[in-house]
């Protein structure tokens, strides 16, 4: 007997997104492009955030350690203590982002091989057929009618 899919909000959101991506990208080529774009956007965003964190860290270090001639006695000591707590978390986040980018780069190298695959139009059509079975259009009139019926039935969870 198959297990019932999880009904928690996070899983439900995942299922909806999963089905949407299949519906909107029902061919091998579209899936290839979608995955490549998602990977590249992830790398771009993570890389940019890492750069911004590095800039902030350098600025904080420069502010905490001004040139000796410009620093009055005792000035900046409280600020350095206040900033000492957060840099550990930021340093850890930066290390994690570096690891993420390294993993994404590895995935990118593997995904490049996916783009070597080309299939005939008949196979792309089979992708479209299967996509329609896996993730039918949620705005399809029959599906909307069925959803309304299910939500009106008191003995079914809605």
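The values are calculated or read from the model by the stated rules, or taken from the named source; none is laboratory data. These numbers come from a predicted model, not from an experiment. Please note: Cβ atoms are built from the backbone with ideal geometry, for glycine as well, and neighbour counts cover all protein chains shown.
Residue 77 satisfies every condition listed in (1) at pLDDT below 90; (2) in contact with a helix residue (DSSP H, G or I) (Cβ under 7 Å, 6 or more places away or on another chain) except (2). Listed by first and then second residue, the pairs with beta-carbon distance under 8 Å, at least 6 apart or on different chains, first residue in the stretch 5-22 and at negative phi and loosely packed, with under 10 Cβ neighbours inside 10 Å, second outside any helix (DSSP H, G or I) and modelled with pLDDT under 90, are 7/157. Among the residues examined, residue 87 qualifies as farther than 21 Å from residue 18 by Cα and modelled with pLDDT under 90.
Restricting attention to the stretch 20-44, report how many residues are touching a helix residue (DSSP H, G or I) at 6+ places or on another chain (Cβ under 9 Å) and part of a helix (DSSP H, G or I). Total satisfying the criteria: 16.
Is it the case that the stretch 8-19 has a residue that's outside any helix (DSSP H, G or I) and modelled with pLDDT under 95? The answer is yes; a qualifying residue exists.
Every condition in (1) at pLDDT 90 or above; (2) closer than 19 Å to residue 34 by Cβ; (3) surrounded by 10 or more Cβ atoms within 10 Å (Cβ to Cβ) holds for residue 98 except the one numbered (2).
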